[in-house]
Amino acid sequence: MREDGASFGFRPDFSSAAAPLYRRRYQLMKQHNNAQQEAEEMLAMLLATQDRAFVCQELAYLENMLVKGGKFQDGQAARGFLTDWAQKLPEVGYPAFNDFTCQ
């Protein structure tokens, strides 16, 4: 994040220089096996990298962890949840990601 002098607070930084920070945060969360409890934040960090190949690779992991943790019965339901959440993120300034087919 970068301090925004025009208003109180901060504005998100999604520049290429910030992408490694988001990726590192995602990977730390993954190492601590937080996907079942923090899937929304993990998805936000993942999409903030703006690395399509990495996002597509990791979506399957998040889906699997949501099913494995009992939050959803199958991968399709988990994917629907992640897709719905991803559509909300641009409303708060995150980059849009509309290719959940990853094909």
(message) Looking only at segment 1-43, how many residues end up being modelled with pLDDT of 90 or more, polar (S, T, N, Q) and assigned to a helix (DSSP H, G or I)?
(response) 2
(request) For segment 28-53, name all the residues that are surrounded by 15 or more Cβ atoms within 10 Å (Cβ to Cβ), out of contact with any Leu (no Cβ under 7 Å at 6 or more places or on another chain), closer than 18 Å to Asp99 by Cα and not acidic (Asp, Glu). (result) Met45, Leu46, Ala48, Thr49, Gln50
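Just to be sure before I move on: is Leu66 free of Cβ contacts under 8 Å to residues at least 40 places away in the same chain, over 13 Å from the mean Cα position of the chain (by Cα) and assigned to a helix (DSSP H, G or I) in the structure I sent?
So Leu66 passes the test.
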(request) Would you be able to say whether some residue in segment 67-77 is exposed (fewer than 13 other Cβ atoms within 10 Å of the Cβ), modelled with pLDDT under 95 and closer than 19 Å to Leu21 by Cα? (result) no
(message) Any residue that is in contact (Cβ under 8 Å) with a residue 24 or more places away in the chain, open to solvent by 30 Å² or more (accessible area, probe 1.4 Å) and in a helix (DSSP H, G or I) - is there at least one of those in segment 93-103?
(response) no
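The values are calculated or read from the model by the stated rules, or taken from the named source; none is laboratory data. Everything numeric here is computed off the predicted structure, so don't read it as measured data. Glycine also receives a Cβ, built like all others from the backbone with ideal geometry; neighbour counts cover every protein chain displayed. Side chains included, ligands, DNA and RNA excluded: accessible areas come from the protein's heavy atoms. Shrake-Rupley method; radii C 1.70, N 1.55, O 1.52, S 1.80 Å.
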